[in-house]
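Working notes, beginning with the structure itself.
The values are calculated or read from the model by the stated rules, or taken from the named source; none is laboratory data. Keep in mind it's a predicted model, so treat the numbers as computed, not measured. Cβ atoms come from the backbone with ideal geometry, glycine included; neighbour counts cover every protein chain shown.
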Amino acid sequence: MVERALLVAMYTAAADRAETESLLAELGELTTTLGVPIVDRLTVFVRQPQARLFAGSGKAAAICRQAAALRADVIIFDNELSPAQQRNWEELAKVTVLDRQEVILDIFGRRARTREAKLQVQAARLEYSLPRLTRAWSHFGQQAGGIGGKGEGETQLEIDRRLMRGQLDRVKRELAEVQQRRATQRKERKRVPVPNAAIVGYTNAGKSSLLRRLTGADVLVEDQLFATLDTTTRRVALPSNQPLLLTDTVGFVRKLPHRLVEAFKATLEESVLADFLIHVLDASHPQAEEFSRTTLAVLAELGADQKRTLTVLNKADKLPDEAQRKALMVRFPDAVFISVKTGEGMEELLHRLAGLVADGTRVVELLMPQAEAGAIARLHREAKILATEYAGNEVRLSVLLSQRMLQGYARFLVR
């Protein structure tokens, strides 16, 4: 348990100072999310990175003196530290030393709710901890060999590494089983030919709030980073009478550790398999453009960057003036300005979503026996009927159908 945190960000180019300070502020939000008070924040220029501590010995000593003066019991670096560097810092500062990765892992560990999310967090934490076991067992020497043993015995470190690798293998097997079940559920969902959109974006941009506003879904909404990690899919009725499935996904963050992208690929897979994406940005944040680039970079890593995407600028009610709105309109010309809180722009958003669904549809004529009452009723629920004609025991329908739905009605197709 830690109670007083000193945050440190080191940078190697003078031009990176502003970006470093911004990332340090974000690390502050992440630390606050864990409930750890911050006693100070330091940005440190390092001319030439050193292998032992990244910073030189003089600057490292100054950081340790500051931590001691403020009675900090943890130093959190925004930089990614190697296991050896983390160990060296702890020996020098005589306090716990963490990096951004470990903070994010702790948040993920607290936020995970479903079995899949918990297993993903566990796998990521084990992979992170495995090379850092030396830090935990550095005080142990070699044990003597047993009866008939040859040479020195197995160290506690080697035993723990073997146990941890076995645990990691077990977690990965369980995760594969859970993901297989999710794939089956997804396949069942695809059988009902309803278009699907994934809500993506930077953490705390308002994705879960948007899902709740549009669908009434009972999802966790908090003004915190990574408030939710679990995907939620709900149905919304569009003005065109076409249903749409909306899926909320985990938020992105700058410098998201690669192992977390890997661990959460099953969750983020919803972005890859969706018909199109709804990219939510916080319009009031001064770095909305940078956050947009971060999200697009992660989507590119997942192979979802070529998807049709609707940009949604949330929190428009917090914009200070019209000039900032116009600047955002120039940067995101096709975006929809909304406020989940006040309801501004929600009607326009629904119409834009209906347009995106319609882009993947075509008008067809179907000739169906009246005995197919269930299939006809489903058409009325899930598609847009343009015209209906009754002739004897048959019904001729002019329908706006998605490509998915068309597959299920191909046998009734006239043209």
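Assorted remarks:
- When we screen Val414, Val399, Val357, Val363 for residues that are β-branched (Val, Ile, Thr) and closer than 21 Å to Leu211 by Cβ, the only hit is Val357.
- Some residue of region 311-320 being under 23 Å from Pro239 (Cα atoms), modelled with pLDDT under 90 and surrounded by fewer than 19 Cβ atoms within 10 Å (Cβ to Cβ): no
- Answer residue from region 1-18, given it is touching a residue at least 24 places away in the same chain (Cβ under 8 Å) and assigned to a helix (DSSP H, G or I) and is surrounded by the fewest Cβ atoms within 10 Å (Cβ to Cβ) among those: Ala14
- Assessment of region 382-401 against the conditions (in a helix (DSSP H, G or I), more than 16 Å from Val236 (Cα to Cα) and outside the structural domain of Val280 (by TED's automatic domain parsing)) yields no matching residue.
- Looking only at residues of region 279-299 that are among the hydrophobic types (A, V, I, L, M, F, W, C) and farther than 15 Å from Lys255 by Cα, we find that the one that is farthest from the chain's Cα centre (by Cα) is Ala283.
- In region 232-254, the residues that are in contact with an Asp or Glu (Cβ under 9 Å, 6 or more places away or on another chain), outside any loop (DSSP other than H, G, I, E, B) and more than 14 Å from Leu277 (Cα to Cα): Thr232, Arg234, Pro243
- Subset of region 321-355 [polar (S, T, N, Q) and surrounded by fewer than 19 Cβ atoms within 10 Å (Cβ to Cβ)]: Gln324, Thr342
- Screening the candidates Arg165, Arg125 for the property of being touching a Gly at 6+ places or on another chain (Cβ under 9 Å), closer than 30 Å to Arg52 by Cβ and either modelled with pLDDT of 85 or more or acidic (Asp, Glu) (or both) yields one hit, Arg125.
- Matching residues, region 202-217, being in a loop (DSSP other than H, G, I, E, B) and buried (at least 24 other Cβ atoms within 10 Å of the Cβ): Thr203, Ala205, Gly206
Residue-wise test of (1) within 25 Å of Leu260 (Cβ to Cβ); (2) assigned to a helix (DSSP H, G or I); (3) among the basic types (Lys, Arg).
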| site | (1), (2), (3) |
| --- | --- |
| Glu26 | yes, yes, no |
| Leu30 | yes, yes, no |
| Val36 | yes, no, no |
| Arg65 | no, yes, yes |
| Gln85 | yes, yes, no |
| Glu91 | no, yes, no |
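- Given (1) in the same structural domain as Ala274 (by TED's automatic domain parsing); (2) assigned to a helix (DSSP H, G or I), number of the condition Glu344 does not satisfy: (2)
- Selection from region 37-76 of residues that are touching a helix residue (DSSP H, G or I) at 6+ places or on another chain (Cβ under 9 Å), touching a residue at least 40 places away in the same chain (Cβ under 8 Å) and within 14 Å of Leu7 (Cα to Cα): Ile63, Ala67, Ala72, Asp73, Val74, Ile75, Ile76
- Some residue of region 135-152 being modelled with pLDDT of 70 or more, in a helix (DSSP H, G or I) and surrounded by 13 or more Cβ atoms within 10 Å (Cβ to Cβ): no
- Lone qualifier among Glu21, Glu91, Glu29, Glu102 - being surrounded by fewer than 19 Cβ atoms within 10 Å (Cβ to Cβ), outside the structural domain of Pro131 (by TED's automatic domain parsing) and in contact (Cβ under 8 Å) with a residue 24 or more places away in the chain: Glu29
- Region 280-319: number of residues that are in a helix (DSSP H, G or I) and hydroxyl-bearing (Ser, Thr, Tyr): 3
- Tabulated pairs, region 334-349, first closer than 14 Å to Ser209 by Cα, second part of a strand (DSSP E or B) and not hydrophobic (A, V, I, L, M, F, W, C), C-beta under 7 angstrom, 6+ apart or interchain: Ile338/Asn314; Ser339/Asn314; Val340/Asn314
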